[in-house]
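The values are calculated or read from the model by the stated rules, or taken from the named source; none is laboratory data. Keep in mind that this is a model prediction, so the values were computed, not measured. Glycine gets a Cβ as well: all are built from the backbone with ideal geometry, and neighbour counts include every protein chain shown. Keep in mind that these areas ignore ligands, DNA and RNA; they rest on the heavy atoms of the full protein, side chains included. Shrake-Rupley method; radii C 1.70, N 1.55, O 1.52, S 1.80 Å.
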Protein chains: 2
Amino acid sequence: MITKWIPLAQVTMNDPFWASVQTLIRTVVLPHQWKLLNDLVEGASPSHCVENFRIAAHEAQGEFSGMVFRDSDLYKWLEAVGYALTIERDEALEVVADEAIALIGRAQCTDGYMNTYYSIQAPLERWKNLTEGHELYCAGHMFEAAVAYHQATGKPEFLDIACRFADCLCLRFLDGNHGYPGHPEVEAALIRLYEETGVERYLDLSRVFINVRGVGEDLRTREEKVGGYTPIWNHLKDMPVSYLQDHLPVREQHEACGHAVRAVYLYSAMADLARLDGDMALAQTCQELFDNATKRRMYVTGGIGSCSEGERFTLDYDLPNDLVYSETCASVGLMMFARRMWRLTDDANCYDVWERALYNTVLAGMSQDGKHFFYVNPLEVSPERIAETPALAHVLPQRPKWFGVPCCPPNLVRCVLSLGGYLYAQEGETLTLLSHIASRVDSSELSISLSREDDRYTLSINSNVKTVRLRIPDGFELLADYGTVEHGYLVFSHQGGSCEYTYQMIPKLRVLHAHPRVAADAGKVCISYGATVYCLEEADNGKHLCELALPRNAVFNKIYPAWMPAGTFALQTEGVRYSAEDWTAAYEAREPEAKATQITFIPYYLWANRGEGEMQVFINVHKCTDVHD
Amino acid sequence: MITKWIPLAQVTMNDPFWASVQTLIRTVVLPHQWKLLNDLVEGASPSHCVENFRIAAHEAQGEFSGMVFRDSDLYKWLEAVGYALTIERDEALEVVADEAIALIGRAQCTDGYMNTYYSIQAPLERWKNLTEGHELYCAGHMFEAAVAYHQATGKPEFLDIACRFADCLCLRFLDGNHGYPGHPEVEAALIRLYEETGVERYLDLSRVFINVRGVGEDLRTREEKVGGYTPIWNHLKDMPVSYLQDHLPVREQHEACGHAVRAVYLYSAMADLARLDGDMALAQTCQELFDNATKRRMYVTGGIGSCSEGERFTLDYDLPNDLVYSETCASVGLMMFARRMWRLTDDANCYDVWERALYNTVLAGMSQDGKHFFYVNPLEVSPERIAETPALAHVLPQRPKWFGVPCCPPNLVRCVLSLGGYLYAQEGETLTLLSHIASRVDSSELSISLSREDDRYTLSINSNVKTVRLRIPDGFELLADYGTVEHGYLVFSHQGGSCEYTYQMIPKLRVLHAHPRVAADAGKVCISYGATVYCLEEADNGKHLCELALPRNAVFNKIYPAWMPAGTFALQTEGVRYSAEDWTAAYEAREPEAKATQITFIPYYLWANRGEGEMQVFINVHKCTDVHD
């Protein structure tokens, strides 16, 4: 019983919203990011990424520059290019990518090792600081890129480079005595490489990395004892071992903890391994970690990591809106974990997490022009307050052009371009539609078309599958006059051959309350429509968003401001603005006056596209009915 | 028309609450702090304060140790001893103090200069870093101590030491060309010294320091240009000039800004100077700064300074409950500023600020045992969250024994022991009762007794004053069948000789709302009784205080737990606890269930006396009436 996604190569997304986002990424973002990697964008934080490869290949002179994991920026970009070329051939882009891959090949050491930082800067320190060195992390991103590029083009060169490096890793690490990654990533990538090549030792190595993690002394202590350990970041030694998910053997970890990106990358690999090995104990651990991460430690926007120091998980329900971290990469990683959990468990709710992260934090990571990116995704912003409060300095009220640590922009890009590969799945004679995005599937065995007009969907299937399952997404009502609802799916029989099914999927406008242990949201609510969380912006509502409150019986109207993308809309309602014009103190023994006002909500992912201003996801609830006009 | 407080020497506070606090301070805290200053308390952060004086006097060997302003700890302690001896003679204590004063005299330089850091550690750097060096700050604390000790004992030695140092300052600084204090304090102290000695040049020097501040280039830039400037704290150079209130001439400063203690110390001196000089422009500035500080930038607890970095004021209504600083010293300084503003303006409301700071933040600074102290006074504490959140690391859930920078404990002590000197004032034939604390005044011209039984007060006056004014405090209803209410006072005629007046002063139990621009308090309220703000503690209400909410029609009962001081009480009411036991996510499209529960509030100043736990001043308001038992 093997569940497989219908691969990206067979799926065409033609939903207008997603088509336009993907076109923007293919035509604007990818070329722009290539320029960034080559330091050709004025005013952007310098990358030096491609230059590092040239220096490592002895084709340029100079020092390594950038963070130790700089190589991964190029790999993530190449992975995204792989998806882009799968979506639509682009000869010019492919030439650029081929040249970059050839450069990587020339920079690679004869034993297969590849890392420009260590090759250029510290050749004698290779493998001596896995805790911080990110060699295995970069390896993982190379493997993912190579698989994507191979699937896109069929060209063997990049995959060969990756396998040579993977073989080099196997020689060093398969015995389990030489450590494991400080930043997980290679574990899931090795499994992808195994699935692409069939080479079992890559799966074996992933299993070794997962199994030796957190057993006995922690990695850093061990590496320091061995000697030759050169610290890279001093602050890291103040972090608890759980920052690296290195405090316990993975099967004894029950709470999502530490650096959020590291965590979900590791958990993703664990979910894959549990599936491939049929390891029920590991599957149980994955379920506990997934539940903890998504039911107690995830923002309504699908963001994870509530603390900026360590970019990490903290405590159950500790979800401050202002101090928040919620890194874009972490939500990309959460989508990776969520879809693997679905494949492991068949639980439809896993895709609710996937969509919540996608339609909110991941999409919010990029500006409408495709050239500015968020790393941190706050749920409450006052630019004036941020400027006065060093504890909020990590929260930027506007997307910058690029970052000194530019992990998020290419991560977002590879995520969005790969979406088509995770919409449909097949397991024997059962076809499952996971996310209702208008699209087409064309393969020798299967032809599917999903189209949408307003809330009406038409699904045409030409296939020999016997059972069709439509996932019923959180935030929607799915109406059909056939099938039965089973565990979050609408399930019906397909008689074989060609058939057309129509259904309605009506987004619910929901007023969401936070769990009462979320202190920051006491007395507040937020608005969501379908899977999309809405927010307030100063551009629509004026300054001092904290003065606004929503009546309990608010009725919303859709409006279509010109600046918003086609098909998206704002929500407007009558609310109140508390006023204290006649107050002489900051605290008085009376309720502020409530004045009627119009309140406009926009999708969270569209915030900060109209200049700097306040933003708020949660809004106070108005407690009484006396409103003065 | 000169308004004068009836001095401490003539006033006996016999209110049981205050008598017990003052007795604790005189009999426990002062001896304990003396031990701390002499490094005789195990487990407390080392002080080295007295030892520094011994080294400076060449009576011990060694290096200076501690912060550059360490001398001020001894001065503040001696000032408090002055008040303690005024309240009640204590020969043993006086012997200790006399010895300490003699030591200061021996440590003083022949030219009058006195600062152990510069004498021991950096004699060539004297006066070269006024920005950070705190020489003038320490001088100010010496002058205040000397005045208090002189008033207490009539002994001339300490006052002589102070005048020698003040004369040394005059020589150096009276021309206005040699700088001014980075940390204001000496300005107000010089005025006190002038008022005690009648030496006009001390007033002149204070005026110079105030007038040259913020004119032209800032102090630090100028000192760096002169040369010989050795930085003490690197972080200070990242602070804006407004941190030192050095960004504009003082008469052009309209908003309370920068380091909160520095600010209110400076403003205190400005208010004194405005009064003494009849400087209406300066008085107007003081009024603006007072209004801004107390009506827009002060917590309901009388705390000021909402940002830990720089311990400073930020923006109007930026009053976060968790990130708060609210230093004990800043509220002590706010009391200094408030009572001077009263003397300058006769505005009864100034004493509302004075009482709000006193009855909440200042009192909260000390534990019931008198041996533990708060520096930071938060309005919301979750020990677990603090432990996970470096941005909250400055917030301690328990009072420590002592601090590396122990400015607050002796400041609180000198403040509380001096209270008696600010209860009554006389201006010609008008007597004003400012704060209704049971007490007695005995002087050759005046005999007053104020006694209290529950809410009934009896004021006996034997004097030739013609008019009596009773301040009507915020938070109370004052009932009397005589007199008229004028500008916040109950005013009535006294026929001369002996007369007894009774009145009722009934504390109001008030539900206070924050100004709607205080984002942290949206949808919340706090409870105050009279001048005392109440809070919730985990010890009474269990964990997860954020789950609690107060119905809009809550009725409160007083209860008298055994651990609370006599005369104080808790307030109990029926409230709700939101419950989400059946929730599977952190955010759901339904209101959490509201379960009836008892909620107990205690006075804020008594929090953290029963072990570590959560605390909250503001509480969510329950929005509907469906409560499940």
### Query
Amide H neighbours of residue B:597 under 5 Å, counting only residues 5+ apart in sequence or on other chains, H built in-plane at 1.01 Å?
B:575, B:576, B:577
### Average other protein chain Cβ within 10 Å of Cβ, residues A:522-529
4
### Summary
Sorted on mean Cβ neighbours within 10 Å (highest first), peptides B:303-315, A:78-90, A:298-310 come out as A:298-310, B:303-315, A:78-90
## Note on the structure
Candidate cut points under chymotrypsin sites (Phe, Trp or Tyr not before Pro) in the stretch A:200-233, DSSP loop plus at most 13 other Cβ atoms within 10 Å of their own Cβ, are A:233
#### Entry: 20 Å-binned pair-distance histogram of the protein assembly as shown (Cα, whole percent)
10, 34, 32, 18, 6, 0
#### Entry: Extreme residue, positive dipole direction of the protein assembly as shown, given options A:274, A:102, A:186 (C-beta unit charges)
A:274
### Query
Is the stretch A:48-241 rounded, prolate or oblate when judged by the Cα gyration tensor, a ≥ b ≥ c being the square roots of its eigenvalues, rounded requiring a/c under 1.5 and prolate requiring a/b larger than b/c?
oblate
### Query
Quick one: what does P(r) look like for the stretch B:463-519 with 5 Å bins over all Cα pairs, in whole %?
4, 16, 21, 18, 13, 10, 6, 5, 4, 3, 1
### Query
Once you average over the residues of B:417-424, how many Cβ atoms of partner chains fall within 10 Å of each Cβ?
0
### Task
Please report, largest first and rounded to whole Å, the three semi-axes of the ellipsoid equivalent to the stretch A:355-439, where each semi-axis is the square root of five times an eigenvalue of the C-alpha gyration tensor.
34, 14, 10
### Task
Treating the angle as unsigned and between 0 and 90°, give the value, to the nearest 10°, between the Cα long axis of helix B:71-87 and the longest Cα principal axis of chain B.
70
### Task
List the chymotrypsin sites (Phe, Trp or Tyr not before Pro) within the stretch B:479-534 that fall in a DSSP loop (any state other than H, G, I, E or B) and whose Cβ has at most 14 other Cβ atoms within 10 Å.
B:482
### Query
For the stretch A:346-395 and the stretch B:191-206, what is the separation of their C-alpha centers, rounded to whole Å?
59
### Radius, Kirkwood style, for the stretch B:355-400 when every pair of distinct Cα atoms is counted (Å)
11.4
### Query
Expressed in nm², what is the orientationally averaged projection area of the convex hull enclosing the Cα positions of the stretch A:509-622?
8.1
### Query
Considering every residue in A:385-398, what mean count of other chain Cβ atoms within 10 Å of its Cβ is obtained?
4
### Query
Residue separation times 0.36 nm, minus the C-alpha to C-alpha distance between residue B:60 and residue B:398: what's the value?
118.1 nm
### Message
Label position 7 Å from Cα toward Cβ: report the copy-to-copy distances for residue B:16 in nm, one decimal, ordered from shortest.
### Response
7.8
### Task
Please give the solvent-accessible surface of residue B:458 in Å², to the nearest 10, using a probe radius of 1.4 Å with every protein chain present.
40
### Message
With a cut-off of 8 Å between alpha carbons and a minimum separation of six or more residues, what is the relative contact order of chain A in percent?
### Response
13
### Query
What does the helix-only formula give at 222 nm for the protein assembly as shown: each DSSP H stretch with n ≥ 4 adding -39500 (n - 2.57), the total divided by the residues, and the result rounded to the nearest 500 deg cm²/dmol?
-10500 deg cm²/dmol
### Query
What is the spin-label model distance, in nm, from residue A:248 to residue B:445 if the labels are put 7 Å beyond Cα along the C-beta direction?
7.6
### Task
Compute the Cα gyration tensor for the stretch A:413-554, then decide on rounded, prolate or oblate, letting a ≥ b ≥ c be the square roots of its eigenvalues: rounded whenever a/c is under 1.5, prolate when a/b is larger than b/c in the other cases, and oblate in all that remain.
prolate
### Summary
Placing each pseudo-label 7 Å from Cα in the direction of the beta carbon, residue A:155 and residue B:612 end up separated by a distance in nanometres of 5.9
### Query
Where the centre of each part is set by its Cα atoms, how far does the stretch A:249-326 sit from the stretch A:471-497, in angstrom?
30
### Query
Taking a threshold of 26 Å on the Cα-Cα distance, which of the pairs A:543/B:295; A:543/B:543; A:595/B:623 fall above it?
A:543/B:543
## Note on the structure
Distances in nm between the label point of residue B:482 (7 Å along Cα→Cβ) and its equivalents in the other copies, shortest first, are 9.6
### Task
Using Cα positions and a limit of under 25 Å, work out the lysines in reach of residue B:371, with same-chain residues fewer than 8 apart set aside.
B:35, B:76, B:401
## Note on the structure
Cross-link reach from residue B:237 to aspartates and glutamates, straight Cα distance under 14 Å and at least 8 residues apart if same chain, gives B:132, B:218, B:223, B:224, B:246, B:309
### Query
Measuring from the lowest to the highest alpha carbon on each principal axis, how far does the stretch A:375-491 reach, largest first, in angstroms?
62, 31, 26
#### Entry: Cβ-derived FRET efficiency at R0 30 Å, residue B:195 paired with residue B:121, nearest 0.05
0.35
### Message
Just to be sure I follow: if Rg is taken over the C-alpha atoms of the stretch A:256-421 and Rh is the Kirkwood radius over the same atoms, what is Rg/Rh?
### Response
0.98
### Summary
Cα-based Rg/(2.2 N^0.38 Å) for chain B, rounded to two decimals, is 0.97
### Summary
So residue A:27 and residue A:39, fully extended at 0.36 nm per residue minus their Cα-Cα distance, gain in nm 2.4 nm
### Task
Between the label point of residue A:90 and that of the same position in each other copy, find the distances and list them shortest first in nm, with every label point placed 7 Å from Cα along the Cα-to-C-beta direction.
8.0
### Summary
Along the stretch A:465-482, Karplus-curve 3J(HN,Hα) (6.51, -1.76, 1.60; θ = phi - 60°) to the nearest Hz, with x for Gly and Pro, reads 4, 9, 10, 10, 10, 9, 5, 9, x, 4, x, 9, 10, 9, 10, 8, 9, 8
### Query
Taking only Cα atoms, what is the 0 to 90° angle, nearest 10, from helix A:200-212's long axis to the longest principal axis of chain A?
60
### Nearest-10 value in Å² for the accessible area of residue A:612, using the 1.4 Å probe
120
### FRET efficiency for residue A:544 and residue A:568, using Cβ-Cβ distance with R0 set to 30 Å, rounded to 0.05
0.70
### Message
Per residue of the stretch B:493-507, what does 6.51 cos²θ - 1.76 cosθ + 1.60 with θ = phi - 60° give for ³J(HN,Hα)? Whole Hz please, x for Gly and Pro, Karplus curve as stated.
### Response
8, 10, 7, x, x, 9, 8, 10, 10, 10, 8, 10, 10, 9, x
